[in-house]
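Remarks on the structure that follows.
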Amino acid sequence: MRRIIAGNWKMNGLQAARAQALALAEGVAAATAAGTQLPRVVVCPPATLLADIARDLAGTAVETGGQDCHTGTSGAHTGDVSAQMLADAGARLVILGHSERRADHGEADALVAAKVTAALAAGLEAIVCVGETEAERDAGRAEAVVLGQLAGSLPEGVDPAAVTIAYEPVWAIGTGRTPTVADVAAMHGAIRAALVARFGAEAGGAVAILYGGSVKPSNAAELMAVADVNGALVGGASLKAGDFLPIVLA
Ligand code: PEP
């Protein structure tokens, strides 16, 4: 499968930040021209910048995505954005079930699954996030928590070809801490096994599993070399093209 490096800008970025997306696209184009095989590169800006950045990046190799969507297509849901609106703004993908959504907005697996259904119906691909808290890891429950989230966040009958999984230990997000390579390998292996059990060897084996949590230029190569790590979901280090591009190239 083609690897994916996705940048999650979260609630960061004003109009001036569009220059970072353009600089990223220029770096990607230069690397491609030099013969480097690149992963899919995705930028997920805040909703206010999505349409502008999608227009800026039209014709480049960098794709755009949203950070969340509603389960409906339109209607009386003040402040929400539908998957159809994201697609209309130029998004190809959407991040769903990020731990900050789960924590700040009480999103549970069933809601995430409904959002996945809405996203795929709108023609988007979904990046579905799972990950344990530090207390859950310390209690020896990390794998059970993650596999439970995985099972509950993918709706019945979902097309696995339209889904990417992001394993993001909550305690590693924005903290500068990362799991050991062995722990990443163990969790990605467990996620892969669950995907194969649910979707079969071919389809389950073809779902990209991203690692997320304090990925930066200095640790990207080591993390991306782990078995069943098929790319990265990057927060803080995706805000500046100068940090994000080395991760893409790693
Ligand atoms: C994220 O929130 O998706 C993330 C991985 O953040 P950071 O890279 O900043 O840890």
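The values are calculated or read from the model by the stated rules, or taken from the named source; none is laboratory data. Since the structure is predicted, the reported quantities are computational estimates derived from the model, not experimental observations. Every residue, glycine among them, receives a Cβ derived from its backbone with ideal geometry; neighbour counts consider all protein chains shown. What goes into the accessible areas is simple: the full protein's heavy atoms, side chains included, and nothing from ligands, DNA or RNA. Shrake-Rupley method; radii C 1.70, N 1.55, O 1.52, S 1.80 Å.
Would you mind telling me which numbered condition in (1) in contact (Cβ under 8 Å) with a residue 40 or more places away in the chain; (2) of a type outside the set (Val, Ile, Thr); (3) not in a helix (DSSP H, G or I) GLY79 fails?
Unmet for GLY79, out of (1) in contact (Cβ under 8 Å) with a residue 40 or more places away in the chain; (2) of a type outside the set (Val, Ile, Thr); (3) not in a helix (DSSP H, G or I): (1).
Examine the range 91-102 for a residue that is of a type outside the set (A, V, I, L, M), away from the ligand (no atom under 16 Å from the Cβ) and modelled with pLDDT of 95 or more, and state whether such a residue exists.
Here is the first cut: in the range 91-102, the ones of a type outside the set (A, V, I, L, M) are 92, 97-102.
This time we only want the ones that are away from the ligand (no atom under 16 Å from the Cβ), so: 92.
Going one step further and asking which of them are modelled with pLDDT of 95 or more, we end up with 92.
Taking every residue of the range 91-102 in turn, at least one turns out to be of a type outside the set (A, V, I, L, M), away from the ligand (no atom under 16 Å from the Cβ) and modelled with pLDDT of 95 or more.
Within the range 107-147, how many residues turn out to be assigned to a loop (DSSP other than H, G, I, E, B), among the charged types (D, E, K, R) and surrounded by 16 or more Cβ atoms within 10 Å (Cβ to Cβ)? Quick ask: steps written out before the conclusion?
Within the range 107-147, the first condition is being assigned to a loop (DSSP other than H, G, I, E, B), and the residues that meet it are 107-108, 122-124, 131-133, 139-141.
Next, only the ones that are among the charged types (D, E, K, R) stay: 107, 132, 141.
Restricting the remaining residues to those that are surrounded by 16 or more Cβ atoms within 10 Å (Cβ to Cβ) gives 107, 132.
Result for the range 107-147: 2.
Six or more apart or on different chains, Cβ under 8 Å: which pairs go from a residue in the range 201-217 that's open to solvent by 40 Å² or more (accessible area, probe 1.4 Å) to one that's assigned to a loop (DSSP other than H, G, I, E, B)? Could you list them?
Close Cβ pairs (under 8 Å, with a partner that is assigned to a loop (DSSP other than H, G, I, E, B)) amount to ALA206/MET1; PRO217/ALA250.
Only one of these is over 20 Å from GLY235 (Cβ atoms), part of a helix (DSSP H, G or I) and open to solvent by 20 Å² or more (accessible area, probe 1.4 Å): THR48, THR32. Name it.
After applying the criteria, what remains is THR32.
To keep it simple, each residue is scored yes or no on (1) within 23 Å of ALA208 (Cβ to Cβ); (2) touching a residue at least 40 places away in the same chain (Cβ under 8 Å); (3) touching a Ser or Thr at 6+ places or on another chain (Cβ under 9 Å).
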site	(1), (2), (3)
THR71	no, yes, yes
GLN84	no, no, yes
ARG101	yes, no, no
ALA114	yes, yes, yes
THR117	yes, yes, yes
